[in-house]
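The values are calculated or read from the model by the stated rules, or taken from the named source; none is laboratory data. On a predicted model such as this, the values are computed, not experimentally measured, just so you know. Backbone-built Cβ (ideal geometry, glycine too); neighbour counts: all protein chains shown.
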Amino acid sequence: MSRLDLHLHTTHSDGSLSPGEVLALANKAGVTALSITDHDITTAIPEALAAGLSFGIEVIPGIEISSFLDQSEIHILGYFLDWQDPSFNAQLLALRQSRHRRNPLIIEKLQALGIDITYEEVRALAGTDAVGRPHIARALMDKKVVTSAKEAFDRYLAHGKLAYAPRELPTPGEAIRWIKAAKGLAVLAHPTWVQPTEGTLTDLVRQLKSDGLDGVEVHYSSHSARQTRDYLSLAKEVNLLVTGGSDFHGVTKPDIEVGIGKGSLHVPHGLLSKLKDAAARL
Ligand SMILES: [Zn+2]
Ligand SMILES: [Zn+2]
């Protein structure tokens, strides 16, 4: 069966496998088209495109940008964008710099809790410029402070936990505008994690559409069948495109596999042509 997976992370952000390794897994899973959507960075794309050619897998350039609205983090995916666009990459660089200001604050809090950890160690372990909390989680796992990334987040790293530090982030409207300026389609990622403080999810999606949003990630590893139906009707109601992907990360999300998520993910292949048509009109 031919599969589609439009949400994948590599070692270029917080995934544990290289672009080539992710493509090899995708090939094994029967994925025929995919998008690498690393956080705030596009450096995985050349290797992914090359691996795509050798496996015969279509690779769509992608991105996932973290944004912040009313106390909650909202992720915006970008597809088919001009990933080499200089001003887009300058905006991503500024976002990564905000991570380098935040991460040492988290490390200081962990040190104050008596945990032996340095930011230099975390950066060396990450091996990328897009260093994030999952890398800190992995360092805590290596040091046997915690046994899983989930425990690291639940005890130390999540919002409101012992070593949490805030990060300067764009609004979702800004992230959408950056993607559109780079000629990409902007998509609201994993709506299950979006918790609007005011109004409903539909209100928020309508507001984001007025900022330029093109689609909603309806098919997602942790969406229940009911959520998938609800988000599908939301996309229809607001007249937005439908996308889907696993959000594969490797060891930091060990229950999620390329192409099939937790086993039941199925991203309909037919949605790809609608995305392409929309991208061609940009
Ligand atoms: Zn995300
Ligand atoms: Zn993701």
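When L95 is tested against (1) buried (at least 21 other Cβ atoms within 10 Å of the Cβ); (2) away from ligand 1 (no atom under 16 Å from the Cβ); (3) farther than 21 Å from F248 by Cα, just one condition goes unmet, and that condition is (2).
Name the single residue that is modelled with the highest pLDDT among those in region 36-66 being surrounded by fewer than 21 Cβ atoms within 10 Å (Cβ to Cβ) and assigned to a strand (DSSP E or B). The qualifying residue modelled with the highest pLDDT is E58.
Of all residues assigned to region 115-126, none qualifies as being buried (at least 21 other Cβ atoms within 10 Å of the Cβ), part of a loop (DSSP other than H, G, I, E, B) and not polar (S, T, N, Q). The residue list S222, S233 contains one member that is part of a loop (DSSP other than H, G, I, E, B) and of a type in the set (S, T, N, Q), which is S222.
Applying the selection to region 26-35, what residues are in a helix (DSSP H, G or I) and under 14 Å from H7 (Cα atoms)?
Residues of region 26-35 in a helix (DSSP H, G or I): 26-28.
Result: A26, single match.
With respect to (1) in contact with a helix residue (DSSP H, G or I) (Cβ under 8 Å, 6 or more places away or on another chain); (2) within 21 Å of D38 (Cβ to Cβ); (3) not small (G, A, S), the lone exception for H190 is condition (1). Before we move on, is G212 away from ligand 1 (no atom under 16 Å from the Cβ), in contact (Cβ under 8 Å) with a residue 24 or more places away in the chain and either buried (at least 18 other Cβ atoms within 10 Å of the Cβ) or under 23 Å from L272 (Cα atoms) (or both)? Yes; evaluated as a whole, the condition is true for this residue.
Determine whether V187 is more than 20 Å from I65 (Cβ to Cβ) and either in a loop (DSSP other than H, G, I, E, B) or within 13 Å of ligand 1 (Cβ to nearest atom) (or both). Give the derivation first.
Working: more than 20 Å from I65 (Cβ to Cβ): no; either in a loop (DSSP other than H, G, I, E, B) or within 13 Å of ligand 1 (Cβ to nearest atom) (or both): yes.
In short, no.
Inspect all residues belonging to region 193-213 and state whether any of them is within 16 Å of ligand 2 (Cβ to nearest atom) and not in a loop (DSSP other than H, G, I, E, B). Among the residues of region 193-213, at least one is within 16 Å of ligand 2 (Cβ to nearest atom) and not in a loop (DSSP other than H, G, I, E, B), which makes the answer yes. Exactly one condition in (1) away from ligand 1 (no atom under 16 Å from the Cβ); (2) closer than 20 Å to H39 by Cα is not met by K143; state its number. Of the numbered conditions (1) away from ligand 1 (no atom under 16 Å from the Cβ); (2) closer than 20 Å to H39 by Cα, the odd one out for K143 is (2).
Does L185 satisfy the condition of being out of contact with any Ser or Thr (no Cβ under 9 Å at 6 or more places or on another chain) and either more than 23 Å from I36 (Cα to Cα) or buried (at least 16 other Cβ atoms within 10 Å of the Cβ) (or both)?
Numbers: out of contact with any Ser or Thr (no Cβ under 9 Å at 6 or more places or on another chain): no; either more than 23 Å from I36 (Cα to Cα) or buried (at least 16 other Cβ atoms within 10 Å of the Cβ) (or both): yes.
Taking the combined requirement at face value, the residue does not satisfy it.
Can you tell me which residue within region 70-89, out of those that are crowded, with 20+ Cβ neighbours inside 10 Å and away from ligand 1 (no atom under 12 Å from the Cβ), is nearest to T42 (Cα to Cα)?
W83
Taking every residue in region 241-270 that is farther than 24 Å from V205 by Cβ and modelled with pLDDT of 95 or more and pairing it with any residue that is within 12 Å of ligand 2 (Cβ to nearest atom) and of a type in the set (F, W, Y), at least 6 positions away or on another chain, the pairs with Cβ-Cβ distances below 9 Å are I256/F248; E257/F248; V258/F248; G259/F248.
Please go through region 189-200 and give me each residue that is modelled with pLDDT of 90 or more and either small (G, A, S) or farther than 17 Å from I176 by Cα (or both), ordered by number. First the steps, then the outcome.
Applying the first criterion (modelled with pLDDT of 90 or more) to region 189-200 yields 189-194, 200.
Matches in region 189-200: A189, T192, W193, T200.
Restricting attention to region 41-68, report how many residues are of a type outside the set (V, I, T) and within 14 Å of ligand 1 (Cβ to nearest atom). Selection size over region 41-68: 5.
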